[in-house]
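In what follows, a structure is listed as structure tokens, so that the remarks can point back to it.
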Amino acid sequence: MSVADVAVVGAGPAGTAAAIELARAGRDVVLLDKATFPRDKICGDGLTAGALRILESLGLDPATVASWQPVDDVVVVSPSGREVVFPLPRGDGRYAVVARRAELDAALVDLARSAGVRVREGQAVVGAAERPDRVVLDVEGSGELHARYAIGADGMWSPLRKHLGVATEGYRGEWHAFRQYFLDVGPRASSQLFVWFEPDLLPGYAWSFPLPGGGANVGFGIQREGGKVARVQDMKALWPDLLARPHIRAVLGPDARPESPHRAWPIPARVDDIRLTSRRTLFVGDAAAATDPMTGEGIGQALLTGRLAAQAIGAGGLDAAAVTSTYERLVRDALFADHQMSMLLIRALTHRKGARAAVRVAGASAWTRRNFARWLFEDYPRAILATPRRWHRGMLSGPGAYQDGDLRRPA
Ligand SMILES: Cc1cc2nc3c(=O)[nH]c(=O)nc-3n(C[C@H](O)[C@H](O)[C@H](O)COP(=O)(O)OP(=O)(O)OC[C@H]3O[C@@H](n4cnc5c(N)ncnc54)[C@H](O)[C@@H]3O)c2cc1C
């Protein structure tokens, strides 16, 4: 049997952010993952301004992530084929970066280790129980781990939720998305970030995100309910069809070739309608269904909820009820309004006309193009205009992340 103050299950962005903050606050933290790092995570690899700011404040050095690719231009293509280039601000820090998850997550695990977290890789949690004063985790191959609190950062399927009996029966996520890495893509795909609102995917979209050395992360996501692609099974047939569409083919270029097979994974997006806590356990990231329901971005939300869990444990101390209620309040204040704003916007994107109008309005002037790009990449909260409590001076014009670093590979 081993003991810790806090046991964090899952070493993705959510778990590492929580573990790093707790260790820096003087807690004895064990971070467990069933995988050994580097491990792949099916993802678009896109980092928003919100994610970058948290990574910077955690102390992540971009030089430790070989595929770190800054992005300056976002190209959005409407269902009618109209292409609008949205420039992100230049020379004032980073607002968007693409980084392979295998490398980003391994760098975060290393950062956790250097912060004093006891990292245990290749160890799956296979059972759990909550007692009045502790959580007992059953760890495959190494017996019981007793901790005052547990943090469930174990992703979309959260085995910890199931072990504690707080999973939603039959829940399979709001979105489902495909991803495939490509090599030798053309000059546009290797430098610009593309989003295609294809009429048959709405409100979903296809993407191509640039990676260093002529690579790209290419994929598409669909909504499970209410979207145009009725069945996830149909996605497999759609994939070669999408890649063959002339406007997508033209961006990827004639020499583009797959680096590895395509893979699919669900995206959970119902943070305002899921249990965020059990008696001594806080769920974070995908285990809290915290992704943005409009874009499917979840790395920033994973980092943020991880950080909020650490904050709640710091504030509540030995009082488990105070810890769980603090965490629920912090998540509500930080994410619910933005979640609801995205839910509203997605209704417009469901229809061809709505998606076309959105791209037209966003691209109407240099000002709208600049600000839309910053808004889309979570430079400020989605619902900032509707939540005056979050207003502060310079909220729409602050600098990006990593102002002093990261310029070794200009986009
Ligand atoms: C195709 C696709 C594209 C996406 N694109 C983007 C994007 O471009 N930008 C963006 O911001 N978000 C994107 N997302 C969402 C993003 O990938 C997730 O929101 C994010 O990875 C959540 O991080 P996490 O730390 O909560 O969970 P994860 O990254 O899933 O980490 C969970 C960890 O838990 C571990 N684990 C699971 N079970 C156990 C167990 N029993 N014991 C121990 N460990 C366990 C796993 O091994 C894993 O390491 C995308 C998602 C998909 C599916």
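Consider Arg279 carefully, then state whether it is more than 17 Å from Ala383 (Cβ to Cβ) and surrounded by fewer than 24 Cβ atoms within 10 Å (Cβ to Cβ). So Arg279 passes the test. The C-beta contact set for the stretch 258-272 (first residue farther than 10 Å from Trp175 by Cβ and basic (Lys, Arg), second residue within 8 Å of the ligand (Cβ to nearest atom) and assigned to a loop (DSSP other than H, G, I, E, B), distance under 7 angstrom, 6+ apart or interchain) comprises Arg263/Ile42.
Within the stretch 128-150, if we keep just the residues that are touching a strand residue (DSSP E or B) at 6+ places or on another chain (Cβ under 6 Å) and farther than 25 Å from Ala322 by Cα, the residue that is farthest from the ligand (Cβ to nearest atom) turns out to be Glu144.
Quick grid of which residues meet (1) outside any loop (DSSP other than H, G, I, E, B); (2) modelled with pLDDT under 95:
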residue: Lys41; (1), (2): no, no
residue: Gly44; (1), (2): no, no
residue: Leu52; (1), (2): yes, no
residue: Leu60; (1), (2): no, no
residue: Ser67; (1), (2): no, no
residue: Gly81; (1), (2): no, yes
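Looking only at the stretch 83-102, count every residue that is in a loop (DSSP other than H, G, I, E, B), under 17 Å from the mean Cα position of the chain (by Cα) and of a type outside the set (Phe, Trp, Tyr) and tell me the total.
Of the stretch 83-102, the ones in a loop (DSSP other than H, G, I, E, B) are 88-93, 95-96, 99-100.
Narrowing further to those that are under 17 Å from the mean Cα position of the chain (by Cα): 95-96, 99-100.
Right, trim to of a type outside the set (Phe, Trp, Tyr) and you get 96, 99-100.
Total meeting the criteria: 3.
Among the conditions (1) surrounded by fewer than 22 Cβ atoms within 10 Å (Cβ to Cβ); (2) over 25 Å from Gly215 (Cα atoms); (3) touching a residue at least 60 places away in the same chain (Cβ under 8 Å), Val126 misses just one, which is (3). If you go through the stretch 158-172 and keep only what is in a loop (DSSP other than H, G, I, E, B) and surrounded by 21 or more Cβ atoms within 10 Å (Cβ to Cβ), you end up with Ser158, Leu164. Quick check: is even one residue across the stretch 309-323 within 15 Å of the ligand (Cβ to nearest atom) and either of a type in the set (Lys, Arg) or buried (at least 21 other Cβ atoms within 10 Å of the Cβ) (or both)? Checked against the condition, which is being within 15 Å of the ligand (Cβ to nearest atom) and either of a type in the set (Lys, Arg) or buried (at least 21 other Cβ atoms within 10 Å of the Cβ) (or both), the stretch 309-323 yields at least one hit.
What helices (runs of 4 or more DSSP H) lie completely within the stretch 302-376 and have 3 or more residues being farther than 30 Å from Ala147 by Cα?
The helices (runs of 4 or more DSSP H) meeting that bar are 337-349, 352-362, 366-376.
Among the candidates Ala153, Ala189, Ala177, which residue alone is touching a residue at least 24 places away in the same chain (Cβ under 8 Å), near the ligand (Cβ under 8 Å from one of its atoms), farther than 30 Å from Ala320 by Cβ and surrounded by 19 or more Cβ atoms within 10 Å (Cβ to Cβ)?
Details: Ala153 fails: farther than 30 Å from Ala320 by Cβ; Ala189 fails: near the ligand (Cβ under 8 Å from one of its atoms).
Of Ala153, Ala189, Ala177, the one residue that is touching a residue at least 24 places away in the same chain (Cβ under 8 Å), near the ligand (Cβ under 8 Å from one of its atoms), farther than 30 Å from Ala320 by Cβ and surrounded by 19 or more Cβ atoms within 10 Å (Cβ to Cβ) is Ala177.
Considering the conditions (1) within 16 Å of the ligand (Cβ to nearest atom); (2) at pLDDT 95 or above; (3) more than 21 Å from Trp157 (Cα to Cα), Leu88 is excluded by exactly one of them, (2). When Ser142, Ser114, Ser80 are checked against the criterion of being touching a Ser or Thr at 6+ places or on another chain (Cβ under 8 Å) and among the polar types (S, T, N, Q), a single residue qualifies: Ser142. Restricting the stretch 199-234 to residues that are modelled with pLDDT of 95 or more, in a loop (DSSP other than H, G, I, E, B) and touching a Ser or Thr at 6+ places or on another chain (Cβ under 7 Å) leaves a set whose member that is farthest from Pro258 (Cα to Cα) is Pro212. I'm checking my understanding of the structure. Among residues of the stretch 45-87 that are touching a Lys or Arg at 6+ places or on another chain (Cβ under 6 Å) and not polar (S, T, N, Q), which one is surrounded by the fewest Cβ atoms within 10 Å (Cβ to Cβ)? Within the stretch 45-87, the match that is surrounded by the fewest Cβ atoms within 10 Å (Cβ to Cβ) is Pro79. Here the stretch 280-300 is the region considered, the condition is being near the ligand (Cβ under 9 Å from one of its atoms), within 11 Å of the chain's Cα centre (by Cα) and not β-branched (Val, Ile, Thr), and the residue that is farthest from Gly317 (Cα to Cα) is Gly296.
Collect the residues in the stretch 1-21 that are among the hydroxyl-bearing types (Ser, Thr, Tyr) and more than 8 Å from the ligand (Cβ to nearest atom), keeping them in residue-number order.
Residues of the stretch 1-21 among the hydroxyl-bearing types (Ser, Thr, Tyr): 2, 16.
If the condition is that a residue be among the hydroxyl-bearing types (Ser, Thr, Tyr) and more than 8 Å from the ligand (Cβ to nearest atom), then Ser2 is the only one that fits.
All of Asp110, Asp105 fail the test of being of a type in the set (D, E, K, R), farther than 22 Å from Thr291 by Cα and either assigned to a helix (DSSP H, G or I) or touching a helix residue (DSSP H, G or I) at 6+ places or on another chain (Cβ under 7 Å) (or both), apart from Asp110. Checking each residue in the stretch 204-214 for being more than 10 Å from the ligand (Cβ to nearest atom), within 11 Å of Arg188 (Cα to Cα) and surrounded by 22 or more Cβ atoms within 10 Å (Cβ to Cβ) picks out Ser208, Pro210.
The values are calculated or read from the model by the stated rules, or taken from the named source; none is laboratory data. Bear in mind that the values here come from a model prediction, so they are computed numbers and not experimental data. No Cβ is skipped: glycine too gets one built from the backbone with ideal geometry, and neighbour counts run over all protein chains shown.
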